[in-house]
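Remarks on the structure that follows.
The values are calculated or read from the model by the stated rules, or taken from the named source; none is laboratory data. Model, not experiment: these values are computed from the prediction. All Cβ positions, glycine included, derive from the backbone under ideal geometry; neighbour counts span all protein chains shown.
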């Protein structure tokens, strides 16, 4: 292993849903209260996942978030998808973007819980993940268009990437008393391929 390979890593971050914003946090709590009631269980804390890939010293943030204003290239946007319904996805407010942002930042990373989780220091895995980002499925966020048994979300994208690259995502758990909606959907879709 040369010096550049030692500077490779795949780290997973768990961010509380709505960190830094009251609207998303409140809506997430309402959503989780309803789901927990339907599933006859206590509500859990909800988490959004993101990856930081370091490959031969270069650092990339891989994350899904709301479509932003300005130049997509400045945020490392590699793909976009619709939120809620395809028809609404024509409006920026109803679009999400998948980012693979060199030297990017994870908003509200200071609020991450039990993070980072080191997945690997294998440069080949980091490279595979970087190559896979542009091919991530883009179904409507918040729906189960791919019939995976769970809605598609930011967590689906991260679990799809990890599972598609050979990582055992079933062994990865969100923080204590937490849940990552969409995680199982990404893994299920990756297994089909």
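Scan the stretch 117-124 and tell me whether some residue there is within 20 Å of residue 45 (Cβ to Cβ), surrounded by fewer than 18 Cβ atoms within 10 Å (Cβ to Cβ), in contact (Cβ under 8 Å) with a residue 12 or more places away in the chain and out of contact with any helix residue (DSSP H, G or I) (no Cβ under 9 Å at 6 or more places or on another chain). If you could, list the steps in order and put the result at the bottom.
Pass one, the stretch 117-124, residues within 20 Å of residue 45 (Cβ to Cβ): 117.
Okay, now just the ones that are also surrounded by fewer than 18 Cβ atoms within 10 Å (Cβ to Cβ), so 117.
Filter once more, keeping what is in contact (Cβ under 8 Å) with a residue 12 or more places away in the chain: 117.
Next, from what is left, pick out any that are out of contact with any helix residue (DSSP H, G or I) (no Cβ under 9 Å at 6 or more places or on another chain): 117.
Within the stretch 117-124, one or more residues are within 20 Å of residue 45 (Cβ to Cβ), surrounded by fewer than 18 Cβ atoms within 10 Å (Cβ to Cβ), in contact (Cβ under 8 Å) with a residue 12 or more places away in the chain and out of contact with any helix residue (DSSP H, G or I) (no Cβ under 9 Å at 6 or more places or on another chain).
Could you list, in sequence order, the residues of the stretch 115-152 that are within 29 Å of residue 176 (Cβ to Cβ), at pLDDT 95 or above, in contact with a strand residue (DSSP E or B) (Cβ under 8 Å, 6 or more places away or on another chain) and in a loop (DSSP other than H, G, I, E, B)?
115, 116, 121, 122, 136, 152
Within the stretch 94-109, can one find any residue that is in contact with a helix residue (DSSP H, G or I) (Cβ under 9 Å, 6 or more places away or on another chain), more than 20 Å from residue 74 (Cα to Cα) and in a loop (DSSP other than H, G, I, E, B)?
No, the stretch 94-109 has no match at all.
Restricting attention to the stretch 94-103, and to residues there that are touching a residue at least 24 places away in the same chain (Cβ under 8 Å) and more than 15 Å from residue 10 (Cα to Cα), which single residue is surrounded by the fewest Cβ atoms within 10 Å (Cβ to Cβ)?
Residue satisfying both the conditions and the ranking: 95.
Touching a helix residue (DSSP H, G or I) at 6+ places or on another chain (Cβ under 7 Å), within 14 Å of residue 61 (Cα to Cα), modelled with pLDDT of 95 or more and crowded, with 20+ Cβ neighbours inside 10 Å: is that true of residue 161 in this structure?
yes
Pairs under 6 Å by beta carbon, first residue at positive phi and in contact (Cβ under 8 Å) with a residue 24 or more places away in the chain in the stretch 34-60, partner exposed (fewer than 14 other Cβ atoms within 10 Å of the Cβ) and part of a helix (DSSP H, G or I), six or more apart or different chains?
The qualifying pairs are 56/4.
Can you tell me which residues in the stretch 28-47 are surrounded by 13 or more Cβ atoms within 10 Å (Cβ to Cβ), more than 15 Å from residue 153 (Cα to Cα) and either touching a helix residue (DSSP H, G or I) at 6+ places or on another chain (Cβ under 6 Å) or at pLDDT below 80 (or both)? Don't jump to the end; show me each part of the working.
First, the residues of the stretch 28-47 that are surrounded by 13 or more Cβ atoms within 10 Å (Cβ to Cβ): 28-29, 31-32, 35-36, 43-47.
Going one step further and asking which of them are more than 15 Å from residue 153 (Cα to Cα), we end up with 29, 35-36, 43-45.
If the condition is that a residue be surrounded by 13 or more Cβ atoms within 10 Å (Cβ to Cβ), more than 15 Å from residue 153 (Cα to Cα) and either touching a helix residue (DSSP H, G or I) at 6+ places or on another chain (Cβ under 6 Å) or at pLDDT below 80 (or both), then 29, 35, 43 are the ones that fit.
Which of the following residues is surrounded by 11 or more Cβ atoms within 10 Å (Cβ to Cβ), in a helix (DSSP H, G or I) and touching a strand residue (DSSP E or B) at 6+ places or on another chain (Cβ under 8 Å): 89, 65, 81?
Values: 65 fails: in a helix (DSSP H, G or I); 81 fails: in a helix (DSSP H, G or I).
The conditions single out 89.
Just checking, does the stretch 165-182 include any residue being touching a residue at least 12 places away in the same chain (Cβ under 8 Å), in a helix (DSSP H, G or I) and under 17 Å from residue 11 (Cβ atoms)?
yes
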